[in-house]
Amino acid sequence: MADNKSFDKLREEYSEFIYKGYSIDEHDGAYHVVYEFEIPGLSSFNAKWAFPKAALGTDSESAMDGAAESALDRETDIKNDRIFNELLFNLGMVECISYYKIACPKVFRVKCHTLSDKQRVWWTKLIYNGLGEFMYRNGIEVSEEELVNIISDGQESLPQSNSGHRLHDDRNYKGFLVPVGGGKDSVVSLELLKDKDIVTYSVNGNDTTKAVIDVCTHKNGDYTAKRILDKRMLELNAKGYLNGHTPFSAIVAFSSVISAYILGRKYVVLSNENSANESTVKDSFVNHQYSKSYEFEKDFNEYIEDITDSDIHYFSLLRPLTEMQIAALFAGYKDYHKVFRSCNAGSKKGIWCCDCPKCLFVYIILSPFLTEDELMGIFGEKLLDKESLDRDFRELVGIDENKPFECVGTRREAMAAMRYYRAHGGKSLLTDRYGEYLDNTGTDSADDIKAMLMEWNDEHELPATLAKLVRLAIMSQTM
């Protein structure tokens, strides 16, 4: 990792990042988008996306006809569709973050579009919070105002406008678009929506994602957007320029709304739980899951609502729930147990690496609801017996202050699962080693798993009918 001196030196040498614009073309059954970025004196970059014109792998002709009927190629000139272009421009804004972070220039200049003062504040907040882990792990200490100054030149070379008036959308939307990443959370959303009209969505779907989608036999289509990073960014990362975590879920947010607009889907249904709100670094703003948090979800909806009055609605179906409740539901979906992968290191290869905090957390949170044999069937080994996972265990249950930089649940949930494990005769290297801590910390009745399974968080964006559906599902869980 680069240190703070490298950060200061790079900002001095490369003072500006430029979002120059994008181009869009139609060929091979997809809308192809090429974004142009530049850090003057260092490199130019081209990020690429491709959005199919209609759902692929559709299970029924009627569903495909519905998707095709509401798709943009229905006599629409995409280069002059103002809402589509506005959404594409904003996807470019969030894509910029991956390239901006290479040198973190003080000035972020947008040459292709006008941003309002409100939008500049919005993007400044996302860049700062979305790069919170990146800054923490690179030893960078700056305020939000010091990190970046966003300037737009006001040149509206594209057929779009954001002069304070929302763009009107008179299209009719129906059905659900469900982003799938291959882990247990999106599986729960898919199954809770079993009786709904759903199309799955993924970005560059890997083998694990495809395997999970294949198990879901009640879907009405599969939709995959393609994202290609510029190799020049990867080369600069390899040379020691600044690198680290970026808010990928914000990319999913903007790209999924574009996909819903193409397909005519009314609901974009994420699978981010209430636990995503907890900071990774204790008593700080640094949250590995910031763009999965409820704060981001609210901000994102307000941002889209300022652009268009479209009927598309973005929300997380699992927001009222904790990881504990999601694990209880997932334990019952046996058909997915052999194919799901929550491990970032192994999911691209279709494996569990069994040596990272994400693998350990999933093992821990499922342990109250699956037998040890069932867990061994999923992971192939007993993770609680691994010496190499000692530090991860300490961080997950709260012995150490900071959580791992992974998408994991709260310290309270991991602690409760391990206390339950011990109380029901579970024996392992790690739980025996820290038995005194586990048995004597967090003993309040509210920390009991039975109590946790009945919790409900009212901070969510769910329509009332779906909130009722989720509440009934979790009320059916008993220990």
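The values are calculated or read from the model by the stated rules, or taken from the named source; none is laboratory data. Predicted model only: the values in this text are computed from it and were never measured. Note that we place each Cβ from the backbone using ideal geometry, even for glycine, and neighbour counts take in every protein chain shown. Keep in mind that these areas ignore ligands, DNA and RNA; they rest on the heavy atoms of the full protein, side chains included. Shrake-Rupley method; radii C 1.70, N 1.55, O 1.52, S 1.80 Å.
Points to keep in mind about this one:
- Over 27 Å apart at the Cα level, from the set Lys48/Lys334; Lys219/Lys338; Lys111/Lys210; Lys101/Lys292; Lys334/Lys427, are Lys48/Lys334; Lys111/Lys210.
- Computed from label points 7 Å out along Cα-Cβ, the spacing between Ile151 and Asp400 is 4.3 nm.
- Sites Asp283 and Lys382, calculated FRET efficiency, Cβ-Cβ separation with R0 51 Å, nearest 0.05: 0.90
- Relative contact order computed over the stretch 324-396 (Cα-Cα under 8 Å; 6+ residues apart), in percent: 30
- In the chain, the portion of solvent-accessible area held by carbon and sulfur atoms comes to 46 percent [1.4 Å probe, whole percent, DNA, RNA and ligands not counted].
- In this structure the stretch 164-236 gives 43 Å² per residue of accessible area when probed at 1.4 Å with all protein chains present.
- Residues with amide H under 5 Å from that of Tyr31, placed H, sequence gap 5 or more: Phe51, Lys53
- 5 angstrom amide H check on His313, placed H, neighbours 5+ away: Tyr267, Val268
- For Leu167, the amide hydrogen comes within under 5 Å of the amide hydrogens of Thr308, Asp309, counting only partners 5 or more places away or on other chains and with H modelled in the peptide plane.
- Label sites at Ser15 and Lys239, each approximated as a point 7 angstrom past Cα along Cα to Cβ, lie 2.2 nm apart.
- Cα gyration tensor shape for the chain, rounded if a/c is under 1.5, else prolate or oblate: oblate
- Listed values for the stretch 22-27 are Karplus-derived 3J(HN,Hα) couplings in whole Hz (6.51 cos²θ - 1.76 cosθ + 1.60, θ = phi - 60°), namely 8, 10, 9, 9, 10, 6, and x replaces Gly and Pro.
- The distance separating the Cα centre of the stretch 129-146 from that of the stretch 349-409 comes to 28 Å.
- Distance between the 7 Å Cα→Cβ label points at Thr114 and Asp8: 4.0 nm.
- Sequence ranges 369-376, 422-429, ranked by mean other-Cβ count within 10 angstrom, highest first: 369-376, 422-429
- Note on the stretch 118-268: dipole from Cβ charges, positive end direction compared against Asn149, Gly181, Leu192; the farthest Cα belongs to Leu192.
- The slack between Leu229 and His424, meaning 0.36 nm per residue of separation minus the straight C-alpha distance, is 65.4 nm.
- The mean sequence separation of alpha-carbon pairs under 8 Å and at least six residues apart, normalised by the residue count of the chain, gives a relative contact order of 16 percent.
- Sum of -39500 (n - 2.57) over DSSP H runs of 4+, divided by residues of the chain (222 nm, nearest 500): -11500 deg cm²/dmol
- Dipole magnitude (debye, nearest 20) for the chain, charges at Cβ of Lys, Arg, Asp, Glu: 680
- Across the stretch 176-246, Cα pairs under 8 Å and at least six residues apart give a relative contact order of 30 percent.
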